[in-house]
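J.: My questions will all concern the structure given below.
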Amino acid sequence: MSTSTKAIRSSGWRTDLLIGFPDGLLLLLFTTQILYAKSLAVDSFYIIHLLILGVGTLLMTIAVFRANRGDDDDGKMSPEERAKLQNLDISRPTIEHIAEEMERDQQIWEKTLQEEQVELKSFGLGHAIKSALTTGLFFLLGGAIAFIPYLASEDFPFAANVSLSLSLIALLLFSYLKSRITGQRPMRLSMRYLVTGGLVILASYLIGMAI
């Protein structure tokens, strides 16, 4: 891909929704389900999750801007990166392993773009900024769905049940909308996101039990 003429993804608000919304929702669903039953002060719980939501939104926005900008990242370790690792006295086999993982991650990313039917278009700074901000807003919206019940009620066990219910409903609605956008089967997508949500809940429960 020529980074001077192409952006990794540039197909408008639909793609921004597909990338930002589920990540925000699942992240906040995961963290709230872990922490709501812990011995945290209400204010501490709120501050922690507002920070998670804010930092997550910022990181998502930056990542999407870089993707749309078409940074010259072909998934391979650059000579500069290799030199920095060597200066840290990291062994050559370890450096080669890191390089292989970077290339594998890039291949997975490109495969994901193909599966989501993401378009490649000419780069434009205005569009890159708009796309990054829109994706960040969708991330924020997804996270808010999982988090707002806790702001509405300090009865956290009750709020956790409301958050879980709203999150699963939101995932179903999102999967239907995604099926309309991408032309995929709605039932398959619904099952995929319900399974994903279930795994997130299971992981949060197991981690919550362990800490």
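J.: How many of the residues in the range 22-37 are in contact with a His (Cβ under 7 Å, 6 or more places away or on another chain) and crowded, with 24+ Cβ neighbours inside 10 Å?
T.: 2
J.: Please go through the range 141-167 and pick out each residue that is among the aliphatic types (A, V, I, L, M) and more than 14 Å from residue 21 (Cβ to Cβ).
T.: Correct list: 148, 151, 152, 159, 160, 162, 164.
J.: Exactly one condition in (1) outside any helix (DSSP H, G or I); (2) surrounded by 13 or more Cβ atoms within 10 Å (Cβ to Cβ) is false for residue 154; which is it?
T.: So the condition that residue 154 fails would be (2).
J.: Go over the candidates 181, 201, 207 one by one and state the one that is touching a residue at least 24 places away in the same chain (Cβ under 8 Å), in contact with a Lys or Arg (Cβ under 7 Å, 6 or more places away or on another chain) and assigned to a helix (DSSP H, G or I).
T.: Residue meeting the stated conditions: 181.
J.: If you go through the range 15-31 one residue at a time, do you hit one that is under 20 Å from residue 177 (Cβ atoms), not in a helix (DSSP H, G or I) and not aromatic (Phe, Trp, Tyr)?
T.: Checking the range 15-31: not a single residue is under 20 Å from residue 177 (Cβ atoms), not in a helix (DSSP H, G or I) and not aromatic (Phe, Trp, Tyr).
Throughout, read-outs are computed from the coordinates displayed, never taken from laboratory work. Keep in mind that what you see is a predicted model, and the values were worked out from it rather than measured. Here Cβ is always computed from backbone atoms with ideal geometry, including for glycine, and neighbour counts include all displayed protein chains.
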